[in-house]
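The values are calculated or read from the model by the stated rules, or taken from the named source; none is laboratory data. What you are looking at is a predicted structure, and each value in this text was computed from that prediction instead of being measured. Please note: Cβ atoms are built from the backbone with ideal geometry, for glycine as well, and neighbour counts cover all protein chains shown. Surface accessibility is based on the protein's heavy atoms, side chains included, excluding ligands, DNA and RNA. Shrake-Rupley method; radii C 1.70, N 1.55, O 1.52, S 1.80 Å.
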Amino acid sequence: MILLALLAAATPTLRVPPDLLHDTQIAGGATQLVWQPGTTITAEEQDRELVVRFDRPIDDATIDAFRRAGGAAIGDLRWNDASLVLRPAIGWDMAWRQDGALIAVDFAAHGDAVAADAPEPPVDLDTRLLAIEADVAAGYPGQGRRAAEALARSQPDDPRVGRILADARNADGDVRGAAAAYRRIGATDPVARRARAFAPGVASIGTTLRSGGDLSQVETAARVDAALTDRLTLGAGVRAVASRVDTDAGVLRHTAPVVDVAATVRVSDDMRMQAVLSGALDSGVTGGGARLVAGSAEAQWRAALLLHQPDYSTVEQAIGGGYLSRISAGGTYRIAPGLVGQIDVGGNRYGLAGLDPTSDTLTLSGGLDYILRRGGLAFGLTYRLDGEYVQRLRRTAVDLATRENHTLQGLVSGSMGRAQLTGLAGWTVDRFGGNGPSASLGLDLPVATAWRIEASGGISSIARPGFPGQQVFARALLSRGLGSGR
């Protein structure tokens, strides 16, 4: 979308003081970024940033070697399959040169006085736009959105700036803000129409199946979430949890209807608060709570407090009606473009309808996702920790057992037309007993402008309350945006 001129006639430099050789310290000579032979590379520098675009992805081992060679001189390094952005650390300058599929970078330390005398170069719009694209594509949509908003304040009438702002907001989860931005620039492509279709809200219907051991459950749900304003969304839904329990005396069945309502407030571009209320129509169990989510995908923090919510996790709750109270906190952080970490801690209190005695547990979940190769077909590794530790167990309450599941899986993801397919396969080990395979296949398919199909299914050996051993599962969800897309 953005074409950069390739400056091959001279070696470009980036804020190198005139007396470089008199008051600097070269860090280890030139560090190098090397692509496969035949890769087409364009490079540009502006405002202390080197932006490189290429038609073949760079190898992660090359990036790691570059990081080690540059050390403290590297202030920021972000990349994806098509572009890379490099900025030196404060107190450092750099000079770079390109030779075919190789870019060599020389870092040089300098004093504050020297840096203060260096003139600020004028803003190059193409370079700024490409840097924002690189941020979003590398998994930093919040950072890209903030940069796009700053650029829009200085270039309010440029249609390219309006487009990158809309795309960045869309990637950061602000569909309503993205739809307004697309409308301002008159965008009519499928991405813009889809954002306008989903901005007013979403209606969905779905079903979830899980079966393992003595318990099988099918949950069917329908829900509507409508945006009343740019900041407020109201939602309501109904669901039915149909449970089957195999016992020595025969088969027990029970279906529990539940009503859910929610109000979500977008406090700011980086923070959302949600109040929820749920009621089981058969047992009379009613509860509420609140959730808080702050930050973007690259650094997101969350907390929740749920009290006396209808719950059917265990055999006892599935037959007689039950509830769950939970407090939790956690976050997700993108450590590098290809590495994401996540951790959540919490406490659960399980109970049965109409009875006071409860069972208490502490929970711990976390994980790492590492993308080994990105592109049309992505490969990666995922690790998941899922633990629950019983603190108090009452005889008249639910039956629980301490568990600590460690799951390592390989990941492959690719597209077939408009459909995105993701497969996972690996092994689960429970430290308190029980090992087995875990594998799944997922589908995400946009249909026309306003429809979306999501589906997944597989086998899991991750022990859960009510499902202490191996289970099979399947999920399907059909969503429809409430807007016309125009």
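Odds and ends about this structure:
- Overall, the stretch 133-189 carries a charge dipole of about 200 debye about its Cα centre when +1 sits on the Cβ of Lys and Arg and -1 on the Cβ of Asp and Glu, all other atoms neutral.
- For the chain, a crude dipole built from +1 on the beta carbon of Lys and Arg and -1 on the beta carbon of Asp and Glu, taken about the Cα centre, is about 1620 debye to the nearest 20.
- Reducing the stretch 151-199 and the stretch 423-461 to their Cα centroids gives an inter-centroid distance of 32 Å.
- Across the stretch 232-246, rounded Karplus estimates of 3J(HN,Hα) from the backbone phi angles (6.51 cos²θ - 1.76 cosθ + 1.60, θ = phi - 60°) give 10, 10, 10, x, 8, x, 10, 9, 10, 9, 9, 10, 10, 10, 8 Hz, Gly and Pro being marked x.
- With the convex hull of the Cα atoms taken as the outline of the stretch 230-283, the averaged projected area works out to 5.3 nm².
- If the chain linking ALA455 and VAL412 were pulled fully straight, counting 0.36 nm for each residue of separation and taking away their Cα-Cα distance, it would gain 13.9 nm.
- Gain on full stretching of the segment that runs from LEU372 to ASP248 - 0.36 nm per residue minus C-alpha separation: 39.7 nm
- Structure-based [θ]222 nm, the chain - -39500 (n - 2.57) summed over DSSP H runs of at least 4, per residue, nearest 500: -5000 deg cm²/dmol
- Of SER204, SER359, the order by accessible heavy-atom surface (1.4 Å probe, DNA, RNA and ligands excluded), from most exposed downward, is SER204, SER359.
- Normalised convex hull volume, the stretch 241-328, alpha-carbon set, Å³ per residue: 106
- Computed from point charges on the beta carbon alone (+1 for Lys and Arg, -1 for Asp and Glu), the dipole magnitude for the stretch 162-313 about its Cα centre is near 700 Debye.
- Residue list for the stretch 193-229, given a label point 7 angstrom along the Cα-to-Cβ vector of LEU478 and an amide N cut-off under 18 Å: 202-209, 219-225
- Kirkwood-Stokes translational diffusion coefficient of the stretch 52-97, alpha-carbon pairs, 20 °C, 1.002 mPa s, µm²/s: 189
- Scattering profile of the stretch 139-187 at q = 0.28 Å⁻¹ [log10 I(q)/I(0), Debye over alpha-carbon scatterers]: -1.02
- Fraction in percent of alpha-carbon pairs per bin - 10 Å, the stretch 300-412: 13, 35, 26, 18, 7, 1
- For the stretch 398-486, with +1 on Lys and Arg beta carbons and -1 on Asp and Glu, the positive-most of MET416, THR428, SER438 along the dipole: MET416
- Each residue of the stretch 411-423 was assigned a 3J(HN,Hα) from its phi angle through the Karplus expression (A = 6.51, B = -1.76, C = 1.60, θ = phi - 60°), giving 10, 9, 9, x, 10, 10, x, 8, 7, 9, 10, 9, x Hz with x at Gly and Pro.
- Each Lys or Arg adds one and each Asp or Glu subtracts one; over the other residues with Cβ under 15 Å from the Cβ of THR40, this totals -2.
- Per-selection Kirkwood Rh - the stretch 147-268 (Cα, Å, 1 d.p.): 17.6
- Probe 1.4 Å, all protein chains present, accessible-area order of ILE343, ILE74, ILE185, largest first: ILE343, ILE185, ILE74
- Three principal axis lengths of the stretch 383-486 [C-alpha, angstrom, descending]: 58, 33, 18
- Dipole of the stretch 212-324 computed with +1 at Lys/Arg Cβ and -1 at Asp/Glu Cβ about the Cα centre; of GLY320, MET273, GLN300, farthest Cα towards the positive end is MET273.
- Split the accessible area of the chain by element, probe 1.4 Å, and carbon with sulfur accounts for 60%.
- For THR264, solvent-accessible area (1.4 Å; no DNA, RNA or ligand), Å²: 40
- Distance between the 7 Å Cα→Cβ label points at ARG153 and ARG68: 4.2 nm.
- Note that the chain presents 48 Å² accessible area per residue, ligands and nucleic acids not counted, probe 1.4 Å.
- Largest-first principal axis extents of the Cα set of the stretch 358-434 (Å): 54, 24, 18
- Selection from GLY250, ALA138, ILE453 lying farthest towards where the dipole of the chain points positive, charges on Cβ: GLY250
- Kirkwood Rh and Cα Rg combined as Rg over Rh, evaluated for the chain: 1.03
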